[in-house]
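Everything below concerns the one structure shown next.
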Amino acid sequence: IAGTLAALITIYSEFTLKTTGCGLPAGPFGLVGAVEGISYLAIVGITAYSLVTKFRTGSGLPAGPAGVLGVAEGLCFTAIVTGLVVLGFQVVDYGYIPNAVPMEGGMCS
């Protein structure tokens with residue numbers, strides 16, 4: 001369930017980045033930004049674990065109870081691909097890759 005939630009947060013963050021040019025706001029006490037950052041790390045970890053499992057066993061992660069792990073795996077791959085597409089759009093639309101930490105006087109401050 002946590003992997004599915006992390007992937008959905010990441011996809012929403014990527015949607016926000018594409019539509020506004022900025023990531024999610026930091027939120028109160030930086031909690032939204034922290035959850036966003038942890039979600040990005042989680043999807044990279046799940047995707048890496050899935051790929052290692054695929055290369056070692058010839059199949060991806062097991063579906064898990066009610067297929068929840070399978071859903072998380074699929075959403076993580078979707079978030080990675082979506083992130084690469086949004087990265088391309090950022091370079092085309094704005095001419096740069098955004099910083100993970102907002103800059104003083106930057107467009108997202």
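Overview of results
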{"item": "Pick from the stretch 79-89, criterion closer than 23 Å to Ala42 by Cβ and touching a helix residue (DSSP H, G or I) at 6+ places or on another chain (Cβ under 7 Å), ranking: surrounded by the most Cβ atoms within 10 Å (Cβ to Cβ)", "result": "Ala79"}
{"item": "Residue match in the stretch 69-89 (condition: modelled with pLDDT under 90 and not in a helix (DSSP H, G or I))", "result": "no"}
{"item": "Qualifying positions in the stretch 49-68 - assigned to a loop (DSSP other than H, G, I, E, B) and of a type in the set (A, V, I, L, M, F, W, C)", "result": "Leu61, Ala63"}
{"item": "The listed residue being in a helix (DSSP H, G or I) and surrounded by 16 or more Cβ atoms within 10 Å (Cβ to Cβ), out of Ala34, Ala42", "result": "Ala42"}
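The values are calculated or read from the model by the stated rules, or taken from the named source; none is laboratory data. The structure presented is a predicted model; accordingly, all values stated were derived computationally and were not measured. Neighbour counts are summed over all protein chains in view; Cβ atoms, including those assigned to glycine, are modelled from backbone coordinates with ideal geometry.
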